[in-house]
Amino acid sequence: MSDMAANAILAKARAMYGKCLTEHDYKQLMDCRNVSEVASYLKSRTNYKTVLAGMNENEVHRGQLEPILKQNLYYDIYALSRYAKDKTLAFSDFIISEMEIEQIIRCLTLVNIGRADEYVFSLPMNMTDFAKIDLKAFSTVRSYEDLQMVLAGTKYAAVLEKHRPPEGRRADIARIEAELNNHNYAAVMDTISKAKNVSDRDELKNTFSAMLDFRNISRIIRLKKYYYFSAERIKPLLIPYGRLSQKNIDELCAASDSREVFELSRSTYLGRLMSKLKYNDQSQMASALLCMYCRHHLRLSPNPTIVMISYVYLKEIELTNIVNIIESTRYGLSPEEKSALLVR
């Protein structure tokens, strides 16, 4: 990457991070008594004011607010991706592909529950500026076959064909999402392996692999805690990359419950990082790890690729926090109860 492009990404990502929600903002949001007050604060006092302009906060509900807020992340990704000129480190393509996969899964989920016509209401219009698939065409999808037609000729087509459900059956969303993401991870790991600078290659590999470990840990905990999945059902849904050994993965998947997953994680290289964390629930552990890890690299890393992806993941955690505040406000939780749901 040219020095100019690298410096632009470093400066831009750190400037964007400086506009993220502060502890004061979270305090104010947790004190809100209803969703309208949350929307009003976000609209008038935070960096979400642009995407919320024109919104009537007195009429908004959670189903409308969440996709609108997501637009802010899409704006940021687009702004950063414009500076990523070096296609040998195509992390901007990786991040964009993550967003595309999210939209594919959302469309498939609506097809599965017979509400495919509702996709149009959450179509991320500004994402159409940089997406490499025709998101507008998703609004016409009414069946699995329709989605296959829209994605024909794209890098996602083969996975959809492989997992096409029998007539009258629903698509296996979890398997499709896992395989689409794993193809994306494979592409970026291949890109890293081809980096000419050994120092950059090692830093990228170690950092990105650790982030994938956090995601795998989070997935195992969630599947154990909420779905009681066996090791055999969990393993196909995991990311086949990371710094954890196969022995570690096997032990985590074979754990009897999420509490045992948590304890086993302490015996891995993650244990040193976990001792520095602040979180209120075991299910928050992986997100807290990712938050701490990304915040450290965003502030200190001279590598623009690592800074860019760290910012994007921190922004995703912030959006999850906002959604949790909206949901907990909707159900009348106290500020203390809301705070226990947040990772920061």
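Only the coordinates and a few stated rules stand behind these numbers; no lab work does. Because the structure is predicted, anything quoted here is derived from the model rather than measured. Don't worry about glycine lacking a Cβ; one is built from the backbone with ideal geometry, like all the others, and counts go over all protein chains shown.
Rank H163, H24, H61 by mean-square fluctuation in a GNM of the chain with C-alpha springs under 10 angstrom and give only the top-ranked residue.
Residue with maximal mean-square fluctuation among H163, H24, H61: H24.
Please compute the modelled spin-label separation between S256 and K194, points set 7 Å along Cα→Cβ, answer in nm with one decimal.
4.9 nm
Could you compute the net charge surrounding K49? Neighbours are other residues with a C-beta less than 11 Å from the C-beta of K49; K and R count +1, D and E count -1.
Summing Lys and Arg as +1 and Asp and Glu as -1 gives +3.
Relative to the Cα centre, what is the charge dipole magnitude of the chain, using +1 at the beta carbon of each Lys and Arg, -1 at the beta carbon of each Asp and Glu, and rounding to the nearest 20 debye?
With Lys and Arg at +1 and Asp and Glu at -1, about 600 debye.
Using alpha carbons only, how many angstrom separate the centre of the stretch 313-344 from the centre of the stretch 1-73?
14 Å
Whole-Å semi-axes of the stretch 89-183's equivalent ellipsoid, largest first, each the root of 5 times a Cα gyration tensor eigenvalue?
20, 16, 11
Report the full-extension gain for the segment Y228 to R175: residue separation times 0.36 nm, less the Cα-Cα distance, to one decimal in nm.
Stretched out fully, the Y228 to R175 stretch lengthens by 17.4 nm.
For the stretch 231-292, what is the largest minus smallest coordinate of the Cα atoms on each principal axis, given in angstrom and ordered from greatest to least?
That works out to 32, 22, 19 Å along the principal axes.
So, counting K/R as plus one and D/E as minus one, what does the shell of residues with Cβ under 12 Å around K132 add up to? Spell out each step's value before the answer.
On the way: positive: K155; negative: D93, E100, D129, D134.
Summing Lys and Arg as +1 and Asp and Glu as -1 gives -3.
Anyone know which of Y17, Y227, Y74 comes out most mobile in the 10 Å Cα GNM of the chain?
Y227
Taking DSSP loops as anything outside H, G, I, E and B, show the longest stretch in the chain free of GluC sites (Glu not before Pro) there with at most 14 other beta carbons within 10 Å. Intermediate results must be reported in sequence, preceding the final value.
On the way: sites that count: E59, E167.
Between the exposed loop sites, the longest stretch runs 168-344.
Among R222, R169, R142, which one shows the biggest mean-square fluctuation in a GNM of the chain, springs joining Cα atoms closer than 10 Å?
The residue that fluctuates most here is R169.
Please order Y75, Y119 by the number of other Cβ within 10 Å, starting at the fewest.
Starting with the residue having the fewest Cβ neighbours, the order is Y75, Y119.
Express the relative contact order of the chain as a whole percentage, based on alpha carbon pairs under 8 Å and six or more residues apart in sequence.
RCO, the chain: 20 percent.
Once label points are set 7 Å from the Cα along Cα→Cβ at both S44 and E59, what is their separation, rounded to one decimal in nm?
Calculated label separation equals 1.9 nm.
Determine the equivalent ellipsoid of the chain by diagonalising the alpha-carbon gyration tensor, then write out the semi-axes as square roots of 5 times the eigenvalues, largest first, rounded to whole Å.
With the √(5λ) rule applied to the chain, the semi-axes are 27, 26, 25 Å.
Equivalent ellipsoid semi-axes for the stretch 195-300, as square roots of 5 times the alpha carbon gyration tensor eigenvalues: give them largest first, rounded to whole Å. Could the numbers behind the result be given before it?
Working: eigenvalues 119, 56, 23 Å².
Over the Cα atoms of the stretch 195-300, the ellipsoid semi-axes are 24, 17, 11 Å.
Tell me, in nm to one decimal, what length is gained between E161 and K136 on full extension, where the rule is 0.36 nm per residue of separation less the Cα-Cα distance?
Here the answer is 6.9 nm.
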